[in-house]
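Data first, discussion second: the structure below is written as structure tokens.
The values are calculated or read from the model by the stated rules, or taken from the named source; none is laboratory data. Small disclaimer: the values here were computed from a predicted structure and weren't measured. Here the Cβ positions follow ideal geometry from the backbone for every residue, glycine too, while neighbour counts run over all protein chains shown.
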Amino acid sequence: MKNPLQTICRYLHKHITILAIASTILVSCDGDDTAPFDPYSYYPLTVGHYVVYEVNQEVYSTGQAAPVVTKWQEKDEVEKMISDSAGISTYLVSRSTRNTAADYWQKVKEFTVQKYPDKLLVSIDNQTFNALVFPVDTRMTWNGNAYNDLEQQDYYYETVQEPATVGDKRFDEALTVVERKDTSIINKYVTVKVYGKGVGLVSDDQTAFEFCQNEDCIGSGKVESGSHKTRKIIEFGDR
């Protein structure tokens, strides 16, 4: 006569073994489907890669009822890698502008992007900014002005690997970086940039407002002076 306890033990052992094997297979499957996260893919630096933006700028001045609105297009294109020392690559990027799609591009400036293992530095208009840091994590905060003489400005990742829509374009994976978010009853300074995987910067929204501070309008949100500038992607590719 079989021992009932032994029968139960054999049954449990058999089924626990099956569950363990199944769990191992599932973990292996998950591992096969998970692609490694490449932070550099959010700022492609392949020579010939370009992005075209629609730029809109509103400038408010004291005493004017409405802002002065200006629109144009900008194109950033990676021209070449100009140095590679100790594993640190420096890329030259040209910026061109035109008023409309019917006009010719005119180069207006060049800037550089340095690619480090833990960060990307963008040097433009004689200032260097720490645009991105690695690893990418919403818990990360860093001083974007660490490499220039401006006041400390804490950047942080607001969203990571989440969908984003800019105009008529949708990006399945994007990073949202808040470079500044200072608001009060008297002013508003906000800068938010979105980077699309395989594309680069897809949206740049900069607000710098001084609100009315007279007794009859303080707290109303009426803009006394300042500007609001947006850059939104309309085209990208490789030359």
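Going by the conditions given, is GLU158 in a strand (DSSP E or B) and touching a Lys or Arg at 6+ places or on another chain (Cβ under 8 Å)?
On the way: in a strand (DSSP E or B): yes; touching a Lys or Arg at 6+ places or on another chain (Cβ under 8 Å): no.
Judged against the criteria, GLU158 is not a match.
Taking the stretch 108-131 as the search range and keeping residues that are of a type in the set (D, E, K, R) and surrounded by 15 or more Cβ atoms within 10 Å (Cβ to Cβ), which one is nearest to ASP149 (Cα to Cα)?
By that ranking, first place goes to LYS119.
Which residue out of ASN214, ASN130 is among the polar types (S, T, N, Q), at pLDDT below 95 and assigned by TED's automatic domain parsing to the domain that holds HIS49?
ASN214
Answer yes or no as to whether ASP103 is part of a loop (DSSP other than H, G, I, E, B) and out of contact with any strand residue (DSSP E or B) (no Cβ under 8 Å at 6 or more places or on another chain).
Working: part of a loop (DSSP other than H, G, I, E, B): yes; out of contact with any strand residue (DSSP E or B) (no Cβ under 8 Å at 6 or more places or on another chain): yes.
Yes; evaluated as a whole, the condition is true for this residue.
Of everything in the stretch 51-70, what is assigned to a strand (DSSP E or B) and loosely packed, with under 11 Cβ neighbours inside 10 Å? Give them in sequence order. Please lay out each step first, then the result.
Let us first name the residues in the stretch 51-70 that are assigned to a strand (DSSP E or B), namely 51-60, 68-70.
Residue satisfying the conditions is VAL69 alone.
Report, by residue number, each residue of the stretch 165-206 that is touching a residue at least 24 places away in the same chain (Cβ under 8 Å), out of contact with any Lys or Arg (no Cβ under 8 Å at 6 or more places or on another chain) and outside any strand (DSSP E or B).
Answer for the stretch 165-206, where residues must be touching a residue at least 24 places away in the same chain (Cβ under 8 Å), out of contact with any Lys or Arg (no Cβ under 8 Å at 6 or more places or on another chain) and outside any strand (DSSP E or B): ILE185, ILE186, LYS197, GLY198, VAL199.
Suppose we filter the stretch 106-141 for residues that are in contact (Cβ under 8 Å) with a residue 24 or more places away in the chain and assigned to a loop (DSSP other than H, G, I, E, B); how many remain?
Of the residues in that region, 5 qualify.
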